[in-house]
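Take a look at the structure below.
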């Protein structure tokens, strides 16, 4: 891939929750770094001071750690869960690097590769409106490039606000991308971008170039929407004399919604925290987003993190965007839960269960760990999220007051026939010793007892145990309830008849 030591970075802005697209970028950086025994770094790009959200940086890291993305260097959480920084190339928070950016802006000014611009927002607005009306590409007209050093000095002394713009040279800018190949752009189409704002903070374009160079980033992974900005970054690398150390670019196809449009934060429920709160396993989320724009070229669809690391290859990344299909995520989530240990499901499901009224109001014996794990065992094949435990089978957590006589009957059977069936079932179950009260044994004995007329026997038995039209099998329910509770419920149904 490269002779460079692999160093990747994820650099979110602390302006909100971690978007699922952001997690996909972070995951790609993480997989590539792990595949090549490299370093995965987190940097906080907080130069847009107007959009900062209190606590966002911390929550973003918490979501990453929840997903299994361990951060080697940069902004991390300490043992108390508070923000700190770790590594030899800090600070890793851009607002703490202003002196560094100013140093390189001054260098560009000295070399006549950048210039002061005093144009007001009103003038820029009028200029662009005229350009659009004349069907010209909207870009800065270089009015302030004509200012003399004396004029610039006078304006600064008068307190006039200004920005610093990069002076785009003539010619063309070229770069190679691991997904989109060789790209060439004519410089005449590029704007003299602002690299330093009037408040003294750098723009994203300058800061990202300076930081990636100084932090020795080897590969940049980001969404395809950033391809248009890459020539600006390449020009900065060249202007600063860093072309030979320029990172390798890899732009990832955008994540699309069901209408094949770019998935937006405005679409709702696309933050990582939303999926966490919904109870999706991290294994499913990681598996799902890894395959958005990356194709392993095999029949395998369910991957563990280690399998993703082993098989990850930028050559298998797609140019076409991946569709965010919630039905596919649900299927993937089910497949992962099917493979999980019951203890692991219990650990992750318990916080959700504790918020459910049917669990909170259940008798203590129906809240025990052993009892709940039995329910999980029965429901595991059908679970979509950790939030689903008991949702469709709330009777597991409730005592039955009385069973509806109509529900107990199978088809046209009489009360007498139903009563006979339940008495027979009770007699059979009474003979099973506690040590033999297993799912397998209960199924074997009850199926043998049912014989050819399974509906006649199993329907009344299941209805007496659950008081529901739909539920897991009577042997599964009897196993969960245990011998005493099962016999008690059957007796209540017998009493009704």
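The values are calculated or read from the model by the stated rules, or taken from the named source; none is laboratory data. Please read these numbers as outputs of a predicted model, since none were measured by experiment. When we count neighbours, we look across all protein chains shown, and the Cβ atoms used for this are built from the backbone with ideal geometry, even at glycine.
Structure summary
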| quantity | calculated |
| --- | --- |
| Count of segment 340-350 residues which are over 16 Å from residue 278 (Cα atoms) and either free of Cβ contacts under 8 Å to residues at least 24 places away in the same chain or not in a loop (DSSP other than H, G, I, E, B) (or both) | 4 |
| The listed residue being closer than 19 Å to residue 399 by Cβ, touching a helix residue (DSSP H, G or I) at 6+ places or on another chain (Cβ under 9 Å) and either outside the structural domain of residue 376 (by TED's automatic domain parsing) or surrounded by fewer than 19 Cβ atoms within 10 Å (Cβ to Cβ) (or both), out of 446, 442, 422 | 422 |
| Looking only at segment 88-102, and only at residues there that are in contact (Cβ under 8 Å) with a residue 24 or more places away in the chain and not in a loop (DSSP other than H, G, I, E, B), the one that is surrounded by the most Cβ atoms within 10 Å (Cβ to Cβ) | 94 |
| Subset tally (residues that are part of a helix (DSSP H, G or I), touching a residue at least 40 places away in the same chain (Cβ under 8 Å) and either more than 22 Å from residue 91 (Cβ to Cβ) or within 25 Å of the chain's Cα centre (by Cα) (or both)) for segment 199-237 | 10 |
| Among (1) more than 30 Å from residue 345 (Cα to Cα); (2) touching a residue at least 24 places away in the same chain (Cβ under 8 Å); (3) surrounded by 17 or more Cβ atoms within 10 Å (Cβ to Cβ) - the single one residue 486 does not satisfy | (1) |
| Residue count, segment 26-50 (criterion: within 30 Å of residue 198 (Cβ to Cβ) and either modelled with pLDDT under 95 or outside any strand (DSSP E or B) (or both)) | 7 |
| Among residues of segment 54-87, those that are farther than 19 Å from residue 25 by Cβ and in a loop (DSSP other than H, G, I, E, B), counted | 8 |
| Check on residue 429, more than 30 Å from residue 280 (Cα to Cα) and surrounded by 16 or more Cβ atoms within 10 Å (Cβ to Cβ) | yes |
| Any hit, segment 139-149, residues being free of Cβ contacts under 8 Å to residues at least 40 places away in the same chain, outside any helix (DSSP H, G or I) and in contact with a helix residue (DSSP H, G or I) (Cβ under 7 Å, 6 or more places away or on another chain) | yes |
| Identity of the residue in segment 382-399, out of contact with any helix residue (DSSP H, G or I) (no Cβ under 6 Å at 6 or more places or on another chain) and surrounded by fewer than 16 Cβ atoms within 10 Å (Cβ to Cβ), that ends up farthest from residue 276 (Cα to Cα) | 399 |
| Test: residue in segment 6-15 that is farther than 28 Å from residue 176 by Cβ and either touching a strand residue (DSSP E or B) at 6+ places or on another chain (Cβ under 8 Å) or in the same structural domain as residue 286 (by TED's automatic domain parsing) (or both) | yes |
| Among (1) buried (at least 20 other Cβ atoms within 10 Å of the Cβ); (2) under 18 Å from residue 114 (Cα atoms); (3) in contact with a strand residue (DSSP E or B) (Cβ under 6 Å, 6 or more places away or on another chain) - the single one residue 234 does not satisfy | (1) |
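Matching residues to (1) buried (at least 18 other Cβ atoms within 10 Å of the Cβ); (2) free of Cβ contacts under 8 Å to residues at least 60 places away in the same chain:
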residue: 24; (1), (2): yes, no
residue: 27; (1), (2): yes, no
residue: 37; (1), (2): no, yes
residue: 43; (1), (2): yes, no
residue: 49; (1), (2): no, no
residue: 52; (1), (2): no, yes
residue: 57; (1), (2): yes, yes
residue: 60; (1), (2): yes, yes
residue: 84; (1), (2): no, yes
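Each row is one residue, and each column tells you yes or no for (1) modelled with pLDDT of 95 or more; (2) at negative phi; (3) in the same structural domain as residue 15 (by TED's automatic domain parsing); (4) in a helix (DSSP H, G or I).
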residue: 269; (1), (2), (3), (4): no, no, yes, no
residue: 280; (1), (2), (3), (4): yes, yes, yes, no
residue: 284; (1), (2), (3), (4): yes, yes, yes, yes
residue: 288; (1), (2), (3), (4): yes, yes, yes, yes
residue: 296; (1), (2), (3), (4): no, yes, yes, no
residue: 299; (1), (2), (3), (4): no, yes, yes, no
residue: 302; (1), (2), (3), (4): yes, yes, yes, no
residue: 306; (1), (2), (3), (4): yes, yes, yes, yes
residue: 309; (1), (2), (3), (4): yes, yes, yes, yes
